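Asker: The structure is given below, and queries will be raised subsequently.
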Amino acid sequence: MSLSTLKNKRERGFLDGQFLIAMPGMEDRNFNRTVIYICAHSAAGAMGFVINRSQDLTFTDVLLHLEMIKNDDAILLPQAARDFPIQTGGPVESGRGFVLHSDDYVSDSSIPVSDDISLTATLDIVRAISKGGGPKRATMLLGYAGWGAGQLEAEISNNGWLNCAANEELIFDRSLEDKYERALALMGINAAMLSTDAGHA
């Protein structure tokens with residue numbers, strides 16, 4: 001599922017606005033101990049962003065790469081821009097940046113994901129952030145996680161993922177190290193108590 005599909009979608013899937021939390025038996029290194037925020041889910045597939053993986057790049061690096069600033073200009077950036085978080089959003093299109101943000105920033109290219117959260121993947125939001133503006137809460141994610149039709153449902157039924165309602169505080173929280181445990185705690189689950197074996201009634 002692509003960003004354009006997300007923008008044009010009419011139906012809401014049951015996983016829209018949910019967290020996916022990887023079970024301990026997840027063998028895919030891209031998703032081991034990940035928490036994913038699902039932005040779109042339909043019969044065509046699903047799309048979301050890993051919210052607990054760090055990224056070596058800084059926002060300054062991104063601006064330099066996009067040639068929006070020169071090396072000498074970096075020191076002139078507002079502190080909020082220099083501190084702006086960049087994370088790894090997933091293995092698909094890992095060189096492409098997406099900004100997940102609060103809905104107080106809106107542009108023609110912003111896509112509502114939920115009542116409070118939007119997604120923007122164009123340079124206008126990058127420019128706004130570089131000038132100390134933009135949304136009150138936001139993070140840039142490089143790449144995304146995507147599933148084809150029926151793929152995610154199959155992974156859930158095979159005990160690959162848990163899902164629960166998303167929590168906005170957790171999405172934008174910059175403390176990544178224990179985000180996996182805190183996401184499980186939303187469900188009242190202690191990570192140490194999880195089994196890798198599926199139990200089907």
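Asker: Answer with one residue from PRO91, SER107, MET26: the one whose Cα lies farthest towards the positive end of the charge dipole of the chain, charges on Cβ with Lys, Arg +1 and Asp, Glu -1.
Answerer: Projecting each Cα onto the dipole axis, the largest value belongs to SER107.
Asker: Can you give the longest stretch of the chain with no exposed loop site, where a site means GluC sites (Glu not before Pro) in a DSSP loop (not H, G, I, E or B) with at most 14 other C-beta atoms within 10 Å?
Answerer: With GluC sites (Glu not before Pro) excluded where exposed in loops, the chain gives 68-176 as its longest stretch.
Asker: Let me ask something else. Answer with a single label: of [x] 1.24; [y] 0.95; [z] 0.98, which was calculated as Rg/Rh (Cα atoms, Kirkwood Rh) from the structure in view?
Answerer: This structure yields the entry labelled [z].
Asker: Setting aside same-chain residues fewer than 8 positions from LYS70, which aspartates and glutamates have a Cα under 16 Å from its Cα?
Answerer: Here the aspartates and glutamates satisfying the reach criterion relative to LYS70 are ASP61.
Asker: Cut-off is 10 Å between beta-carbons; in what order do SER130, SER107, SER102 appear when sorted fewest neighbours first?
Answerer: SER107, SER102, SER130
Asker: Rounded to the nearest 500, what is the 222 nm mean residue ellipticity of the chain from helices alone, with -39500 (n - 2.57) per DSSP H run of 4+ residues and division by all residues?
Answerer: Result for the chain, helices only: -5500 deg cm²/dmol.
Asker: I've got another one for you. Return the long-range amide H neighbours of ARG96 (sequence gap of 5 or more, or a different chain), with a cut-off of under 5 Å between placed amide H atoms.
Answerer: Result for ARG96 returns GLY143.
Asker: Sort PHE19, PHE31 so the one with the fewest other Cβ atoms within 10 Å of its own Cβ comes first.
Answerer: By the 10 Å Cβ count, ascending: PHE31, PHE19.
Asker: While we're here: Suppose every Lys and Arg Cβ carries +1 and every Asp and Glu Cβ carries -1, with no other charges. What dipole size does region 96-172 come out with about its Cα centre, to the nearest 20 debye?
Answerer: I would put it at about 400 debye.
Bear in mind that the values in this text are calculations on the coordinates, not laboratory data. What you see is a predicted model; the values in this text were computed from it and never measured. Cβ: placed from backbone, ideal geometry, glycine included. Neighbour counts: every protein chain shown.
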